[in-house]
Amino acid sequence: MKLLEWIKRLVRDFRSLPRYSRDVRSIARRMFVTNAFDSLLASLGVSVGGYASTADPKLLGLSIVGGGLAMGLFSGVIGVYLSERAERLRELREIERSMARSLEGTVYAEMARLIPIYVALWSGLGAVAFPVLVALPYFASAAGLAGIRTAYYVSLSVGTALSALLGYYLAIVSGENKLVSTLRLLALAIGGVIAVYLMKLLVGGVP
């Protein structure tokens, strides 16, 4: 019960953040999209680089998820939290100097504590959730629901579709042409796949 109450209070506090910091949502969006796209490209790279007709689909899926978790937990959450915390504390100290008094226990100090957590959680969500989706076809293959080749192509399709979805989302945020923005990120994802495939081809890794 205490954990549930803590979560409810945290959600309530998060909802109040835009009243005290107008840029908190835009920062969270940027970190979510940036880390989501980074993890997508990394996941597609692992999928293309590790695929072979004799590959273990479970191992491939775990490699993708493991990379996402490492990026999400250490860079996406902890790294972002520490950097955002440093910025918010700097702003708090500047306000304290201008007011010539400590702001501990005030809403300003509370925002300096909550905003880094909020931004870090959105950042980590982007870095972790998308690799899991890319890895799902391999886990389905490991469960005997599909062949490794089918899982490979479905995984690539999911990854490129998610990159297109991110492009569409960016167009909604920016007000740009939705088709152009969607195709832009889709082209970047396909370009990454082609680059990894060519490298694999050069080293003789294509079965």
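Can you list residue pairs whose Cβ atoms sit under 8 Å apart, with the first residue in the range 86-102 being without any contact (Cβ under 8 Å) to a residue 12 or more places away in the chain and the second being outside any helix (DSSP H, G or I) and not hydroxyl-bearing (Ser, Thr, Tyr)? Count only pairs 6 or more apart in sequence or on different chains.
Pairs that qualify, where the first residue is without any contact (Cβ under 8 Å) to a residue 12 or more places away in the chain and the partner is outside any helix (DSSP H, G or I) and not hydroxyl-bearing (Ser, Thr, Tyr), are Glu96/Leu103.
Which one of Ser163, Ser157 is within 20 Å of the chain's Cα centre (by Cα), free of Cβ contacts under 8 Å to residues at least 12 places away in the same chain, closer than 13 Å to Leu44 by Cβ and in a helix (DSSP H, G or I)?
Ser157
Which numbered condition trips up Ser181, out of (1) farther than 19 Å from Val65 by Cα; (2) surrounded by fewer than 17 Cβ atoms within 10 Å (Cβ to Cβ); (3) not acidic (Asp, Glu)?
Among (1) farther than 19 Å from Val65 by Cα; (2) surrounded by fewer than 17 Cβ atoms within 10 Å (Cβ to Cβ); (3) not acidic (Asp, Glu), the lone unmet condition for Ser181 is (2).
Residue by residue through the range 24-67, note down the ones that are over 30 Å from Glu87 (Cα atoms) and of a type in the set (Asp, Glu).
Asp56
Just to be sure, is Tyr197 touching a residue at least 60 places away in the same chain (Cβ under 8 Å), assigned to a helix (DSSP H, G or I) and more than 19 Å from the chain's Cα centre (by Cα)?
When the stated conditions are applied, Tyr197 passes them.
Examine the range 91-110 for a residue that is in contact with a Leu (Cβ under 8 Å, 6 or more places away or on another chain), crowded, with 21+ Cβ neighbours inside 10 Å and over 30 Å from Leu59 (Cβ atoms), and state whether such a residue exists.
no
Yes/no per residue for (1) under 22 Å from Thr182 (Cβ atoms); (2) surrounded by 12 or more Cβ atoms within 10 Å (Cβ to Cβ):
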| site | (1), (2) |
| --- | --- |
| Leu4 | no, no |
| Ile7 | no, no |
| Phe14 | no, yes |
| Arg29 | yes, yes |
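Do we have Tyr197 as at pLDDT 95 or above, aromatic (Phe, Trp, Tyr), closer than 19 Å to Leu44 by Cβ and touching a helix residue (DSSP H, G or I) at 6+ places or on another chain (Cβ under 8 Å) here?
No, not satisfied.
So which residues in the range 123-146 are surrounded by fewer than 24 Cβ atoms within 10 Å (Cβ to Cβ) and over 13 Å from Asp56 (Cα atoms), if there are any at all?
Hits for the range 123-146 are Leu125, Val128, Ala129, Val132, Leu133, Leu136, Leu145.
The values are calculated or read from the model by the stated rules, or taken from the named source; none is laboratory data. Keep in mind that what you see is a predicted model, and the values were worked out from it rather than measured. When we count neighbours, we look across all protein chains shown, and the Cβ atoms used for this are built from the backbone with ideal geometry, even at glycine.
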